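Here is the structure we will look at.
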């Protein structure tokens with residue numbers, strides 16, 4: 001079994017969460033009750049519970065941008081990242097950081113995009129052409 005993380009956090013509306021995580025991001029829905037829903041978040045278990053979302057502050061520096069901390073994210077292979085970036089751009093999603101390339105030509109070159117779900121939970125999606133670059137220095 002490949003290890004995967006489990007993360008649970010609050011959302012304000014499960015129907016909005018289903019539309020966002022399921023329909024827009026393409027995550028498969030798992031178990032649910034009337035107060036929570038699980039998603040396969042790119043191979044990881046994400047449990048969204050009704051409640052007040054966690055507080056964030058724009059204290060993370062990504063290039064020239066200050067981004068919300070804490071935030072969740074995932075690293076995808078470049079073809080999967082590009083497909084998702086195209087879908088989110090076409091949907092007119094409001095990005096904190098629109099799909100872009102960072103560290104071009106350097107160790108750790110990556111594509112990134114940063115946005116929030118409908119409850120304001122911040123998400124960063126990274127793409128790498130070479131998975132060895134994820135931990136490059």
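What follows is calculated from the coordinates using simple rules that are stated; it is not laboratory data. Keep in mind that this is a model prediction, so the values were computed, not measured. Cβ placement follows ideal geometry from the backbone for every residue including glycine, while neighbour counts extend to all protein chains displayed.
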Listing 61, 92 by rising number of other beta-carbon atoms within 10 angstrom, fewest first, gives 92, 61
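Looking at the square roots a ≥ b ≥ c of the eigenvalues of the Cα gyration tensor of the range 6-50, which shape do they give, rounded for a/c under 1.5, prolate if a/b is larger than b/c, or oblate?
Verdict is oblate for the range 6-50.
Please state the shape class of the range 39-137: rounded when a/c is under 1.5, otherwise prolate if a/b exceeds b/c and oblate if not, all from the C-alpha gyration tensor.
prolate
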Between the modelled labels at residue 54 and residue 100 (7 Å from Cα along Cα→Cβ) the distance in nm is 2.5
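Can you give the % of DSSP beta bridges in the chain that are antiparallel, to the nearest 5?
Of the beta bridges lying entirely in the chain, close to 70 percent run antiparallel.
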Ranked output for segments 116-123, 51-58 by mean other Cβ atoms within 10 Å, highest leading, reads 116-123, 51-58
